[in-house]
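Derivation of every value follows stated rules applied to the coordinates shown; laboratory data play no part. Everything numeric here is computed off the predicted structure, so don't read it as measured data. Heads up, the Cβs are rebuilt from the backbone with ideal geometry, glycines too, and the neighbour counts pull from every protein chain shown.
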Amino acid sequence: MPTISMFFGIIVRMYFGPKEHNPAHIHVYYQDNTATFNIEDGVILNGKMPKRQTKLIGAWIEIHKEELLADWKLCQEWEKPFAINPLQ
């Protein structure tokens, strides 16, 4: 599972392969916390994340939604996703 971005101790990854389930999502890691976030609306699908990091991730998703959806499409075709700029 490639890392597509890292910022403020947050690691964002995306699985690739046509068997990865919808909706389009990212896997996020922060310290001992892991969560899956929906790309369309930034909502946590499962897992836990501290409130501050959830807000940062939501803002990052909103800024990079088109790039994330393009990466999701690549992943569905067994292609490695591109790196996305971190939140600054």
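Tell me which GluC sites (Glu not before Pro) from the stretch 46-84 have a DSSP coil assignment and no more than 12 other beta carbons within 10 Å of their own.
Those that pass, being in a loop and sparsely packed, are E77, E79.
With runs of 4+ DSSP H residues as the only contributors, calculate the mean residue ellipticity of the chain at 222 nm using -39,500 (n - 2.57) per run, divided by the residue total and rounded to the nearest 500. Working shown, then result.
On the way: 2 runs with 25 residues, N = 88.
Helix contribution divided over all residues of the chain: -9000 deg cm²/dmol.
So which trypsin sites (Lys or Arg not before Pro) in the stretch 1-58 are both in a DSSP loop and have at most 12 other Cβ atoms within 10 Å of their Cβ?
Filter output for the stretch 1-58: K19, K48.
Between L68, Y15, L56, whose Cα lies farthest towards the positive end of the dipole of the stretch 3-76 when Lys and Arg beta carbons carry +1 and Asp and Glu beta carbons carry -1, centred on the Cα centre?
L56
What is the Rg over Rh value, at two decimals, for the stretch 40-88, using alpha-carbon atoms and the Kirkwood definition of Rh? Please report the intermediate quantities before stating the final value.
Values: Rg = 11.9 Å, Rh = 11.9 Å.
My calculation of the ratio gives 1.00.
For a quick check: with amide H placed at 1.01 Å from N, whose amide H comes under 5 Å from A83's, ignoring anything fewer than 5 positions away on the same chain?
none
Please count, across the chain, the pairs of lysine residues with Cα atoms under 22 Å apart that sit 8 or more places apart or on different chains.
Total qualifying Lys-Lys pairs in the chain comes to 8.
Of the listed values (1) 7.5; (2) 5.3; (3) 4.9, grab the one calculated as mean projected area of the Cα convex hull in nm² from the structure here.
The value computed from this structure is option (3).
Can you pull out the chymotrypsin sites (Phe, Trp or Tyr not before Pro) in the stretch 48-80 whose DSSP state is coil and whose Cβ has at most 13 other Cβ atoms within 10 Å?
W78
Nothing charged except the Cβ atoms of Lys and Arg (+1) and of Asp and Glu (-1): what's the magnitude of the dipole of the chain about its Cα centre? Round to the nearest 20 debye.
340
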